[in-house]
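Below is one structure, written out as structure tokens; the observations come after it.
The values are calculated or read from the model by the stated rules, or taken from the named source; none is laboratory data. Remember, predicted model here, so these are calculated numbers, not experimental data. No Cβ is skipped: glycine too gets one built from the backbone with ideal geometry, and neighbour counts run over all protein chains shown.
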Amino acid sequence: MTINKLAIIGGSGLYDVEDFKNRELLEINTPWGKPSDQILKTNYKNKEVYFLPRHGRGHFISPTKINFRANIDALKQLGITDIISVSAVGSLKEDLPPGNFVIIDQFIDRTFAREKTFFDDEIVAHVSMAHPTSNGLMNACEEAIKKEKIEYQRGGTYVVMEGPQFSTLAESNLYRSWKADVIGMTNMPEAKLAREAEIRYASISMVTDYDCWHPDHENVDVQQVIKVLLGNAVKAKNVIKNLIENFENHIDTKDPTNNCLDVAIITAPEKRTKKTINKLKTVAGRVLNK
């Protein structure tokens, strides 16, 4: 019987959940290096949960420098089956004002300076990203957000830009012409790597600003963003508590993530060296060690 374990990856403004009193900070090593910070293991209402601050506690890691592979490998080592990302974003639509939450169901990956796969040496795998987020986890997110009476949108496209600079006006208008909903810097390649590791993934985006396309918000200012961030973080912590309680009620046994590596690895068995199989033992051991 599978034991479902939830991890929260917190983004800008969400580095810890202080209400979690039963705390153990875990130092984990991976073949890809160290994760962003120590992983908090805690127990809330008799449920085990893990929390990882994506930028490190105190926000010292730039989006491009996040070791996404180490983060996902470390969580997989801990037996995580489900990840919910909580991150700050800019809005590309008038009807998504600061303070609103968006449950993401699609991404446009515009990053170019990041390692995006675990399968970059000897063993090649092609996982499907047609539907990058888990419908079951999206249901859990929606229930958790509704409980807090937060304004939200179910479904939305997140443009992931490289950063750390904000968009030019031309870029912002381009993304709006694509009918995208929000823009941020961190959910890719995180969602891709979670899929490769067969971990179900969902993303809650918290709107902090209108990006620079809006005539009343031409200059995105970090201080203004932080002000909204702090308010969003308080709401997000309550949503996280709700998710810990409800996520197992929404597990989708037919989620495409669950066994996606069964049909993804294309490299012939005789070409797979023990060295590489060992490097991939956490994320792909289920299929490579058959």
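Some notes on this structure:
- Matching residues in segment 267-290 - criterion: being of a type in the set (A, V, I, L, M, F, W, C), out of contact with any Leu (no Cβ under 7 Å at 6 or more places or on another chain) and over 24 Å from Tyr201 (Cα atoms): Ala268
Here's the yes/no breakdown for (1) in contact (Cβ under 8 Å) with a residue 24 or more places away in the chain; (2) farther than 22 Å from Met161 by Cα; (3) not basic (Lys, Arg):
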site	(1), (2), (3)
Tyr210	yes, no, yes
His214	yes, no, yes
Val225	yes, no, yes
Asn238	yes, yes, yes
Phe247	yes, yes, yes
Thr253	no, yes, yes
Thr267	yes, yes, yes
Glu270	no, yes, yes
Thr282	yes, yes, yes
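- Output for segment 22-38, where each listed residue is within 24 Å of Lys235 (Cβ to Cβ), over 16 Å from the mean Cα position of the chain (by Cα) and in a loop (DSSP other than H, G, I, E, B): Asn22
- Tallying residues that are within 28 Å of Pro53 (Cβ to Cβ) and surrounded by fewer than 14 Cβ atoms within 10 Å (Cβ to Cβ) within segment 236-284 yields 1.
- Taking the criterion of being touching a residue at least 12 places away in the same chain (Cβ under 8 Å) and over 24 Å from Val283 (Cβ atoms), the residues of segment 94-140 that qualify are Glu94, Leu96, Pro97, Pro98, Gly99, Asn100, Phe101, Val102, Ile103, Ile108, Arg110, Asn139.
- Of everything in segment 88-126 that is in a loop (DSSP other than H, G, I, E, B) and among the hydrophobic types (A, V, I, L, M, F, W, C), the residue that is farthest from Leu174 (Cα to Cα) is Ile123.
- Count of segment 64-80 residues which are of a type outside the set (A, V, I, L, M) and crowded, with 21+ Cβ neighbours inside 10 Å: 5
- Failed item, numbered, when Gly99 is tested on (1) at pLDDT 95 or above; (2) at positive phi: (1)
- Hey, Lys41 of a type in the set (Lys, Arg), surrounded by fewer than 16 Cβ atoms within 10 Å (Cβ to Cβ) and more than 14 Å from the chain's Cα centre (by Cα) or not: no
- Among the residues examined, Ile84 qualifies as within 19 Å of Gly156 (Cα to Cα), surrounded by 17 or more Cβ atoms within 10 Å (Cβ to Cβ), β-branched (Val, Ile, Thr) and touching a residue at least 24 places away in the same chain (Cβ under 8 Å).
- Top-ranked residue in segment 144-199 [being acidic (Asp, Glu) and crowded, with 17+ Cβ neighbours inside 10 Å; ranked as farthest from Leu243 (Cα to Cα)]: Glu171
- In segment 119-142, the residue that is surrounded by the most Cβ atoms within 10 Å (Cβ to Cβ) out of those that are of a type outside the set (Val, Ile, Thr) and farther than 17 Å from Ala191 by Cα is Ala140.
Table: residues versus (1) modelled with pLDDT of 95 or more; (2) more than 30 Å from Gly79 (Cβ to Cβ); (3) among the hydrophobic types (A, V, I, L, M, F, W, C).
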position	(1), (2), (3)
Leu169	no, yes, yes
Leu174	yes, yes, yes
Met188	yes, no, yes
Ala194	yes, no, yes
Ser205	yes, no, no
Trp213	no, yes, yes
Ile226	no, yes, yes
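- Scanning segment 11-21 turns up no residue that is small (Gly, Ala, Ser), surrounded by fewer than 20 Cβ atoms within 10 Å (Cβ to Cβ) and assigned to a loop (DSSP other than H, G, I, E, B).
- Met185 being touching a strand residue (DSSP E or B) at 6+ places or on another chain (Cβ under 7 Å), over 20 Å from Ser12 (Cβ atoms) and hydrophobic (A, V, I, L, M, F, W, C): no
- Here Ser172 meets each of (1) farther than 17 Å from Ile226 by Cα; (2) touching a strand residue (DSSP E or B) at 6+ places or on another chain (Cβ under 7 Å) with one exception, condition (2).
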